[in-house]
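*Asks:* I have a structure I would like to understand better, so I am pasting it below and will then ask my questions one at a time.
The values are calculated or read from the model by the stated rules, or taken from the named source; none is laboratory data. If you're wondering where the values come from, they're calculated on a predicted model, not measured in any experiment. Note that we place each Cβ from the backbone using ideal geometry, even for glycine, and neighbour counts take in every protein chain shown.
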Amino acid sequence: MTTETRAIPLEGTQTETITRFDIHQRIQHIFLALSFIDLVLTGLPLKFSNAGISQWWVALWGGIEATRLAHRVGAWVIVMVSLYHIAYLIYTVAVQRKPFPVKMLPSLKDIQDFFHDFAYAFGIRKEKPLYDRYDWRQKFDYWAIFWGMPVMAGSGFVLMFPVFMTKFLPGWIVPAALVAHSDEAMLALTWIFVVHIFFSHFAPGSFPANTSIFTGKVSRQKYRKEHPIEYARITGEKLTVKDEHIADIPVPTEDDVK
């Protein structure tokens, strides 16, 4: 292993933008978003089937069976995206040995950043916390979806094949799956529209839309402001603020970018 400590420029660090998301991540997000929209548009009228607008919407889709079919297609797509994501994580960490997926794991610093962020919001601290590749909001957002997928997929599979499932499981599993699927769906819908979309697209600095997940690139200025620890690591720039110091941040070596 090399002992060099000089900064090794990463992809995009010599231009006005820095590459944050690779093509695999962007494809995963696109299919995740499209399948989620499909599931919402077809799932809500099934959940609230007695509402007049739901009946009109179902008729527009071509009837209840067509709506259910579209819902199931969206379900299979989002399951395949989830499996693709897991395979992508394993390959990225085990084969390519890239560290960024590991950085999504919660840490003690996330808890500290959470309280620091609130202290800054209420004027108790003068400086914002310094974030690495992911901040505590992004990690919470990611793991909320990661935790919700098994619940949605498992309960959805029971509802899709109730007769088959009751050959191996007790009959009460079907109504239990219906409640779990319905409630988790509403929780996911609320979270995505109230939290995820707001912080990703409507928050100051991102409004009216954060295009980085679609282009894969973030401006150097924005990266330096929102992810200063990683920015310092990949560029070799030493950053210091009044409230917290990040001098001597390890910069990447040649082995780190292989």
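*Asks:* Looking at region 187-216, I want the residues that are over 20 Å from residue 149 (Cβ atoms) and have a partner that is among the aromatic types (Phe, Trp, Tyr) with Cβ atoms under 7 Å, at least 6 apart or on another chain. Which pairs are those?
*Replies:* From region 187-216, the pairs are 201/207; 212/21; 216/21.
*Asks:* Within region 180-207, work out how many residues are of a type in the set (A, V, I, L, M, F, W, C), within 17 Å of residue 75 (Cα to Cα), over 16 Å from the mean Cα position of the chain (by Cα) and loosely packed, with under 15 Cβ neighbours inside 10 Å.
*Replies:* Qualifying residue count, region 180-207: 1.
*Asks:* Condition check: acidic (Asp, Glu), closer than 30 Å to residue 230 by Cβ and under 20 Å from the mean Cα position of the chain (by Cα). Does residue 38 satisfy that?
*Replies:* Numbers: acidic (Asp, Glu): yes; closer than 30 Å to residue 230 by Cβ: no; under 20 Å from the mean Cα position of the chain (by Cα): yes.
Spelling it out, it is not the case that residue 38 is acidic (Asp, Glu), closer than 30 Å to residue 230 by Cβ and under 20 Å from the mean Cα position of the chain (by Cα).
*Asks:* Another question, if that's okay. If you take the residues of region 80-136 that are of a type in the set (Lys, Arg) and farther than 18 Å from residue 21 by Cα, which of them is surrounded by the most Cβ atoms within 10 Å (Cβ to Cβ)?
*Replies:* The qualifying residue surrounded by the most Cβ atoms within 10 Å (Cβ to Cβ) is 128.
*Asks:* Within region 28-46, can one find any residue that is under 16 Å from residue 216 (Cα atoms), touching a Phe, Trp or Tyr at 6+ places or on another chain (Cβ under 6 Å) and modelled with pLDDT of 90 or more?
*Replies:* For region 28-46, residues under 16 Å from residue 216 (Cα atoms), touching a Phe, Trp or Tyr at 6+ places or on another chain (Cβ under 6 Å) and modelled with pLDDT of 90 or more: absent.
*Asks:* Follow-up. Which helices (runs of 4 or more DSSP H) does region 42-137 wholly contain that include 2 or more residues that are closer than 18 Å to residue 227 by Cβ? Full working, then the answer.
*Replies:* Working: elements: 52-61, 64-90, 108-121.
The qualifying helices (runs of 4 or more DSSP H) are 108-121.
*Asks:* The conditions are (1) surrounded by 17 or more Cβ atoms within 10 Å (Cβ to Cβ); (2) in a loop (DSSP other than H, G, I, E, B), and residue 171 fails exactly one of them. Which is it?
*Replies:* (1)
*Asks:* Restricting the search to region 196-224, which residues are at pLDDT below 85, part of a helix (DSSP H, G or I) and not aromatic (Phe, Trp, Tyr)?
*Replies:* 200, 201
*Asks:* Can you tell me which residue in region 136-156 is farthest from residue 78 (Cα to Cα), limited to those that are among the small types (Gly, Ala, Ser) and at pLDDT below 90?
*Replies:* Residues of region 136-156 among the small types (Gly, Ala, Ser): 144, 148, 153-156.
Okay, now just the ones that are also at pLDDT below 90, so 144, 148.
Working: 144: 15, 148: 12 Å.
Ranking the qualifying residues of region 136-156, first place goes to 144.
*Asks:* Can you tell me how many residues in region 121-133 are farther than 26 Å from residue 212 by Cα and either touching a strand residue (DSSP E or B) at 6+ places or on another chain (Cβ under 6 Å) or not charged (D, E, K, R) (or both)? Explain how you work it out, then say what you get.
*Replies:* Taking region 121-133 and keeping what is farther than 26 Å from residue 212 by Cα, we get 122-126.
In the following step, the residues that additionally are either touching a strand residue (DSSP E or B) at 6+ places or on another chain (Cβ under 6 Å) or not charged (D, E, K, R) (or both) were identified as 122-124.
Count: 3.
*Asks:* Output the residue which, of all residues in region 51-69 that are closer than 21 Å to residue 187 by Cα and not hydroxyl-bearing (Ser, Thr, Tyr), is surrounded by the fewest Cβ atoms within 10 Å (Cβ to Cβ).
*Replies:* As a first pass, look at region 51-69 and keep what is closer than 21 Å to residue 187 by Cα: 51, 54, 68.
Of the ones still in play, those that are also not hydroxyl-bearing (Ser, Thr, Tyr) are 51, 68.
Working: 51: 12, 68: 16.
Only one residue tops the list, namely 51.
*Asks:* Determine, yes or no, whether residue 82 is of a type in the set (S, T, N, Q), in contact (Cβ under 8 Å) with a residue 60 or more places away in the chain and at negative phi. If you could, list the steps in order and put the result at the bottom.
*Replies:* Numbers: of a type in the set (S, T, N, Q): yes; in contact (Cβ under 8 Å) with a residue 60 or more places away in the chain: yes; at negative phi: yes.
Yes, satisfied.
*Asks:* Kindly list the number of the only condition in (1) modelled with pLDDT under 95; (2) out of contact with any Pro (no Cβ under 6 Å at 6 or more places or on another chain) that fails for residue 93.
*Replies:* Checking residue 93 against (1) modelled with pLDDT under 95; (2) out of contact with any Pro (no Cβ under 6 Å at 6 or more places or on another chain), the one that fails is (2).
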